[in-house]
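To start, the structure under review is shown below, and the notes come after it.
The values are calculated or read from the model by the stated rules, or taken from the named source; none is laboratory data. Since the model is a prediction, treat every value here as computed from it, not as a measurement. A quick note on method: Cβ atoms are made from the backbone with ideal geometry, for glycine too, and the neighbour counts reach across all protein chains shown.
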Amino acid sequence: MAEDEPSDPDEVQPAEEIEVPLSPEERIKELEAALHEIEKEMLYKQAEVQNALAQVAKVRSEGTRYGGMGLARRIVGSVENLERAIDHIEEDDEGPISSALRMVHKDILASLKTEGVEPIEALGLPFDPAKMEAITTVPSSEEYGPGMVVSVLEPGWVLRDRVLKVARVVVASE
């Protein structure tokens, strides 16, 4: 038996499909559809790249803007300790140690301000739960109405618009 002959004479071999050439108009439509799909995919990929670039820019900006938060928190704690030491110095004491402590305190606060670190203003202002923690309340008075901060027990600090440490305050009750 020859190799190209069917093994079973009753078995019918399928006829090869004959490819009918497309008309030029059909071929143009087919190519235009393929081009449209490629253009759509390309626009999608461009949008993905733009989104990724925007995300990288945002992360870089936040890193530059808030990268020093950990260091700022630690320095703020040291500033508070320095302030406690200064509070124990007599006001009229102009000795070399007390003068040096005041000068260092002033320089550190100026450096922190340059970097965007500042104390939270709270005394006499309305209580802001985003920046303050109410430790206790006292009855309101003529000077301090309900919801106003009467006293600051521990100062709070911000780095630009982010809270480093909440202020612990006493608030006038209603």
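Examine the range 102-119 for a residue that is exposed (fewer than 10 other Cβ atoms within 10 Å of the Cβ), within 22 Å of Arg160 (Cα to Cα) and of a type in the set (Val, Ile, Thr), and state whether such a residue exists.
Yes: the range 102-119 contains one or more residues that are exposed (fewer than 10 other Cβ atoms within 10 Å of the Cβ), within 22 Å of Arg160 (Cα to Cα) and of a type in the set (Val, Ile, Thr).
Being small (Gly, Ala, Ser), under 27 Å from the mean Cα position of the chain (by Cα) and assigned to a loop (DSSP other than H, G, I, E, B) is the filter here, so list the residues in the range 133-174 that pass it.
Step one: list which residues in the range 133-174 are small (Gly, Ala, Ser), which gives 134, 140-141, 145, 147, 151, 156, 167, 172-173.
Next, from what is left, pick out any that are under 27 Å from the mean Cα position of the chain (by Cα): 134, 156, 167.
Hit for the range 133-174 is Gly156, nothing else.
Could you check the range 21-73 and list, in sequence order, the residues that are within 30 Å of Pro119 (Cβ to Cβ), among the basic types (Lys, Arg) and without any contact (Cβ under 8 Å) to a residue 12 or more places away in the chain?
Step one: of the range 21-73, the residues within 30 Å of Pro119 (Cβ to Cβ) are 58-73.
From the residues that got through so far, the ones that are among the basic types (Lys, Arg) too are 58, 60, 65, 73.
Result: Lys58, Arg60.
Quickly run through the range 96-131 and pick out the residues that are over 17 Å from Ala85 (Cβ atoms) and of a type in the set (Lys, Arg).
Lys113, Lys131, listed by residue number.
Go through the residues of the range 101-114 one by one and say whether even a single one is of a type outside the set (A, V, I, L, M) and in a loop (DSSP other than H, G, I, E, B).
The answer is no, given that none of the residues of the range 101-114 is of a type outside the set (A, V, I, L, M) and in a loop (DSSP other than H, G, I, E, B).
Ser98 - would you say it is small (Gly, Ala, Ser), more than 22 Å from Val158 (Cα to Cα) and surrounded by 10 or more Cβ atoms within 10 Å (Cβ to Cβ)?
Working: small (Gly, Ala, Ser): yes; more than 22 Å from Val158 (Cα to Cα): yes; surrounded by 10 or more Cβ atoms within 10 Å (Cβ to Cβ): yes.
It is true that Ser98 is small (Gly, Ala, Ser), more than 22 Å from Val158 (Cα to Cα) and surrounded by 10 or more Cβ atoms within 10 Å (Cβ to Cβ).
Give the range 63-77 a look and list any residue that's farther than 11 Å from Leu159 by Cβ and modelled with pLDDT under 80, or say none.
Scanning the range 63-77 gives Gly63, Thr64.
Could you say whether any residue in the range 72-89 is among the polar types (S, T, N, Q), part of a helix (DSSP H, G or I) and out of contact with any strand residue (DSSP E or B) (no Cβ under 7 Å at 6 or more places or on another chain)?
The answer is yes; a qualifying residue exists.
Evaluate the following for Ala130: is it in contact with a Lys or Arg (Cβ under 8 Å, 6 or more places away or on another chain) and either assigned to a loop (DSSP other than H, G, I, E, B) or closer than 26 Å to Val170 by Cα (or both)?
On the way: in contact with a Lys or Arg (Cβ under 8 Å, 6 or more places away or on another chain): no; either assigned to a loop (DSSP other than H, G, I, E, B) or closer than 26 Å to Val170 by Cα (or both): yes.
So Ala130 does not fit the description; no.
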